[in-house]
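Okay, so here's the structure we're looking at.
The values are calculated or read from the model by the stated rules, or taken from the named source; none is laboratory data. Note that this is a predicted model, so its numbers are computed, not measured. No Cβ is skipped: glycine too gets one built from the backbone with ideal geometry, and neighbour counts run over all protein chains shown.
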Amino acid sequence: MLHPELVPAALEAIAGAQLTSAAAHALWNLYAAARKQQLECDFCGILTATEDPALKNLLVDIDERARRKANDATEDAEDRLHGLVRDFHFQQQSAAQRQALAALGNRGYDEKEELAVLERIIQQERDRQGISAPTDG
């Protein structure tokens with residue numbers, strides 16, 4: 001809200017379909033529609049882009065919180081956005097891994113599929129931690 005210049009990057013980094021909260025999904029759709037219509041994505045522009053009173057109240061609340069927190073921020077807005085996106089994707093990946101491991105425990109895969117799932121999880125963790133795969137020889 002305080003940095004409308006980051007809206008395109010935020011919309012690109014997180015797909016609306018990935019959001020599970022109805023409020024987050026509604027906000028994402030509102031910002032995406034505003035961008036598509038080439039409207040300003042600052043607080044006033046977004047506030048006037050919706051007629052939904054609940055969404056307007058949420059926007060006001062978010063703006064007030066953002067303004068209070070901005071004074072204590074130790075990183076610039078772009079770095080904070082990258083951190084939030086990284087954390088969001090990590091949570092998504094962790095949830096997918098938990099589901100895959102649960103399916104393994106329930107014998108939801110054959111032996112070949114089990115091995116592929118485990119290899120994928122290991123590779124995802126290596127990628128996340130910046131560890132390269134072992135090489136032969």
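Things worth noting here:
- When the residues of region 38-74 are filtered to those that are without any contact (Cβ under 8 Å) to a residue 12 or more places away in the chain and not in a helix (DSSP H, G or I), the one that is surrounded by the most Cβ atoms within 10 Å (Cβ to Cβ) is L39.
- Subset of region 96-137 that is basic (K, R) and at pLDDT 80 or above - its residue that is farthest from Q18 (Cα to Cα): K112
- Hey, L11 assigned to a helix (DSSP H, G or I), in contact with a helix residue (DSSP H, G or I) (Cβ under 6 Å, 6 or more places away or on another chain) and without any contact (Cβ under 8 Å) to a residue 60 or more places away in the chain or not: yes
- Pair list, Cβ < 8 Å and 6+ apart or interchain, from region 88-113 residues that are surrounded by 14 or more Cβ atoms within 10 Å (Cβ to Cβ) to residues that are among the basic types (K, R): Q93/R128; A100/R120
- Leading residue by the ranking (nearest to A15 (Cα to Cα)) among those in region 89-137 that are of a type in the set (V, I, T) and outside any helix (DSSP H, G or I): I131
- Residue within region 8-31 that is at pLDDT 90 or above, touching a Ser or Thr at 6+ places or on another chain (Cβ under 7 Å) and within 30 Å of A95 (Cα to Cα) present: yes
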